[in-house]
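Laboratory data are not the source of any read-out in this text; all were calculated from the coordinates shown. In this text the structure is predicted, and so the values were computed from the model without any measurement. Ideal geometry is used to build each Cβ from the backbone, glycine not excepted, and the neighbour counts take in all protein chains shown.
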Amino acid sequence: MRIELVLLGWALVLALVHIFVAGHFKTRQYGAKWNTGARDEVLPAPQPLVGRLMRAQANYYETLPIFIGAVLAATVANRLDGTTALGAHIWFWGRVIYLPLYAAGVPVVRSIVFIISLVGLVMILYRLLAS
């Protein structure tokens with residue numbers, strides 16, 4: 001199997017990590033009753049760590065569909081090559097590094113890692129769209 005598809009699979013695992021890490025810390029703040037209930041009540045603002053994890057998850061879900069689409073389209077179009085493989089690695093590992101940086105509240109480095117991950121995404125899109 002091509003590495004781009006392997007990394008796509010791991011990107012989906014990373015999506016689950018985002019869900020469960022943010023959920024764990026939300027449950028620690030709001031309690032198991034909130035987690036297992038209808039969640040209709042108005043909640044106090046999230047603690048800083050909870051808020052950062054929720055924003056990291058939302059940020060991940062902004063680029064994940066683009067990554068999925070780019071990898072699948074490049075696969076169908078038979079456009080996978082060394083550039084797409086490198087781009088997939090850059091995007092995926094950037095996103096792995098991004099989560100703990102965001103959770104720790106690291107401001108500038110986190111943004112640089114995000115931009116680097118976007119470069120990987122653009123690399124895949126470039127190969128997909130290049131004639």
On C-alpha positions alone, give me the angle between the axis of helix 3-30 and the longest principal axis of the chain, in degrees, nearest 10. 10
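Can you tell me the convex hull volume per residue for the chain, based on C-alpha atoms, in Å³ to the nearest whole number?
Dividing the Cα hull volume of the chain by its residues yields 113 Å³.
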If you line up the long axis of helix 107-129 against the longest principal axis of the chain, both from Cα atoms, how many degrees apart are they, to the nearest 10? 40
Below 8 Å between Cα atoms, with a sequence gap of 6+, how large is the relative contact order for the chain in percent? 31
Please name whichever of F67, W93, A32 sits farthest to the positive end of the charge dipole of segment 1-99, dipole taken about the Cα centre and charges placed at Cβ: Lys and Arg +1, Asp and Glu -1. A32
Residue by residue through segment 48-63, the couplings from Karplus 6.51 cos²θ - 1.76 cosθ + 1.60 with θ = phi - 60°, in Hz, x for Gly and Pro, are x, 5, 4, x, 5, 5, 5, 5, 5, 5, 4, 5, 4, 6, 6, 9
Förster-model FRET efficiency, 30 Å R0, V42 and A73, C-beta, rounded to 0.05: 0.10
Per-residue HN-Hα couplings for segment 31-41 [Karplus 6.51, -1.76, 1.60; θ = phi - 60°; Hz; x = Gly/Pro]: x, 5, 4, 4, 4, 8, x, 7, 6, 8, 6
What are the ³J(HN,Hα) values, in whole Hz, obtained from phi via the Karplus relation 6.51 cos²θ - 1.76 cosθ + 1.60 with θ = phi - 60°, for each residue of segment 82-97 in sequence order, with x given for Gly and Pro? x, 5, 5, 5, 5, x, 5, 4, 4, 4, 4, 5, x, 5, 5, 5
Shape call for segment 37-114, from the Cα gyration tensor axes a ≥ b ≥ c (a/c under 1.5 means rounded, otherwise prolate when a/b beats b/c, else oblate), comes out oblate
